[in-house]
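Engineer: To start, I am sharing the structure in question, which I have written as structure tokens.
The values are calculated or read from the model by the stated rules, or taken from the named source; none is laboratory data. As the structure is a prediction and not an experimental result, all values here were calculated from the model. With ideal geometry, Cβ positions are generated from the backbone for all residues, glycine too; neighbour counts draw on all protein chains shown. Side chains are part of the model used for accessible areas, which takes the heavy atoms of the whole protein and leaves out ligands, DNA and RNA. Shrake-Rupley method; radii C 1.70, N 1.55, O 1.52, S 1.80 Å.
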Amino acid sequence: MHQGIRPWPDCPRSEARKVNEAAERAAALRNAAPPGDRGKADRDLGYKLYIDEKKYYLQPMLFMAKQHPGDVCTPAPFANAPTYQCVEGQRYRVGCHVFIFDESFKEVGFHTIEIKESALYFCNAVPAVGVGDKTRNEVLMTVQYFFIDGTPAAQISEIGSGWKRMTVALRLKAEGGKVLIEQDDRCLGNPNRIETVPDARRRLARCAR
């Protein structure tokens, strides 16, 4: 991965704006929630990266992906604690996704982060992205989520106490105008409780030895 990963603050404002707009359009096509403020895809900090000396943009997005064509989830209203329910009947579950765009801001790669929990979860952040093994074009991504059927916070001080974090290894390969994204859980495990990119790097180094 030539020259590694750079966050948006190092990019011209117009460049970041174009990637944000491209990501919002791409997410809207996959988002099960109808247009509007409720259920709208959220984005975390995007990054510029180089694969085989060619520039790309990586943009994490949070939304409920369609499970089949025509899938719709209208988040149901609630009185007190969120129910994470869709008006249509299914549960409202937001996932962590990553888009890759080329220099023309065209989508060339997409991946949904696999989190192999037995309970239903809601992904609410991508706190960090970093470089793993540069020779393998490896990106490390930390995701944050909580179980939707857990006990809700009773007071402000309890907010966040049930959030989980795990870090995954993603291997990127540019091929035929696309960027293929492979999630490799063999070393880090899935789920895991690796909360930071540096901790994931150390775990991968131990596996390599």
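Engineer: Roll a 1.4 Å probe over the protein heavy atoms and report the accessible area of LYS18 in Å², nearest 10.
Structural biologist: For LYS18, solvent-accessible area is about 90 Å².
Engineer: If one takes the longest principal axis of the Cα atoms in the chain, at what angle in degrees, from 0 to 90 and to the nearest 10, does the Cα axis of helix 197-208 lie?
Structural biologist: 60 degrees
Engineer: For the stretch 108-123, what does the Karplus curve 6.51 cos²θ - 1.76 cosθ + 1.60, with θ = phi - 60°, yield as ³J(HN,Hα) per residue in whole Hz, taken in order and with x for Gly and Pro?
Structural biologist: 10, x, 8, 8, 9, 5, 7, 10, 8, 8, 7, 9, 6, 10, 10, 7
Engineer: Which GluC sites (Glu not before Pro) in the stretch 60-157 sit in a loop by DSSP (not H, G, I, E or B) and have at most 13 other Cβ atoms within 10 Å of their own Cβ?
Structural biologist: Here the sparse-neighbourhood loop sites are GLU88, GLU103, GLU114, GLU117.
Engineer: With all protein chains present, how much of the accessible area of the stretch 1-147 (probe radius 1.4 Å) comes from carbon and sulfur, to the nearest whole percent?
Structural biologist: That fraction is 49 percent.
Engineer: By accessible area of protein heavy atoms, probe 1.4 Å, what ranking do THR112, THR167 get, highest first?
Structural biologist: In descending accessible area the options line up as THR112, THR167.
Engineer: Using a cut-off of 15 Å between beta-carbons, work out the net charge of the residues near ARG193 (Lys and Arg +1, Asp and Glu -1, ARG193 not included).
Structural biologist: So the environment of ARG193 carries a net charge of +1.
Engineer: Around ASN124, which amide H atoms from residues at least 5 apart in sequence, or from another chain, sit under 5 Å from its own amide H, with H modelled in the peptide plane?
Structural biologist: Long-range HN contacts for ASN124: GLN144, TYR145, PHE146.
Engineer: Counting only protein chains, not ligands or nucleic acids, how are CYS187, CYS123, CYS207 ordered by accessible area (probe 1.4 Å), most first?
Structural biologist: Solvent-accessible surface, decreasing: CYS207, CYS187, CYS123.
Engineer: Ignoring ligands, DNA and RNA, what accessible area per residue does the chain give at 1.4 Å, in Å²?
Structural biologist: Working: 11150 Å² over 209 residues.
Dividing the accessible area of the chain by its residue count gives 53 Å².
Engineer: Which links in LYS106/LYS164; LYS55/LYS116; LYS18/LYS178 stretch past 29 Å when you go from one Cα to the other?
Structural biologist: Over 29 Å Cα-Cα: LYS106/LYS164; LYS55/LYS116.
Engineer: I've got another one for you. Count the net charge of all other residues whose Cβ sits under 15 Å from the Cβ of GLN90, scoring Lys and Arg as +1 and Asp and Glu as -1. Before the final figure, lay out the partial values.
Structural biologist: On the way: positive: LYS66, ARG91, ARG93; negative: ASP71, GLU88, ASP149.
Summing Lys/Arg as +1 and Asp/Glu as -1 gives 0.
Engineer: Related question: Would you mind calculating the relative contact order of the chain from Cα pairs under 8 angstrom and at least 6 residues apart, reporting the percent as a whole number? Working shown, then result.
Structural biologist: On the way: 422 pairs, mean separation 33.1, N = 209.
In percent, rounded to a whole number, it is 16.
Engineer: Keeping all protein chains in position, work out how much accessible area ILE148 exposes to a 1.4 Å probe, and write it in Å² to the nearest 10.
Structural biologist: 10 Å²
Engineer: Please report the accessible area of LEU29 (heavy atoms, 1.4 Å probe, ligands and nucleic acids excluded) in Å², nearest 10.
Structural biologist: Accessible surface of LEU29 is approximately 140 Å².
Engineer: Taking the Cα atoms only, what angle lies between the long axis of helix 13-30 and the longest principal axis of the chain, rounded to 10 degrees?
Structural biologist: Relative to the chain, helix 13-30 is tipped by roughly 50 degrees.
Engineer: Residues with beta-carbon under 12 Å from that of GLU114, excluding GLU114: net charge, scoring Lys, Arg +1 and Asp, Glu -1?
Structural biologist: Around GLU114, the charge tally is -3.
Engineer: Defining a contact as two alpha carbons under 8 Å apart and six or more residues distant in sequence, what relative contact order in percent does the stretch 36-121 show?
Structural biologist: For the stretch 36-121, the relative contact order is 25 percent.
Engineer: Could you order ARG30, ARG209, ARG43 so the one with the most accessible surface comes first? Probe is 1.4 Å.
Structural biologist: Largest accessible area first, the residues go ARG209, ARG43, ARG30.
Engineer: Toward the positive end of the charge dipole of the stretch 43-157, about the Cα centre and with charges on Cβ (Lys, Arg +1; Asp, Glu -1), which of GLY130, GLY95, LEU45 goes farthest?
Structural biologist: Going by the Cα projections, it comes out as LEU45.
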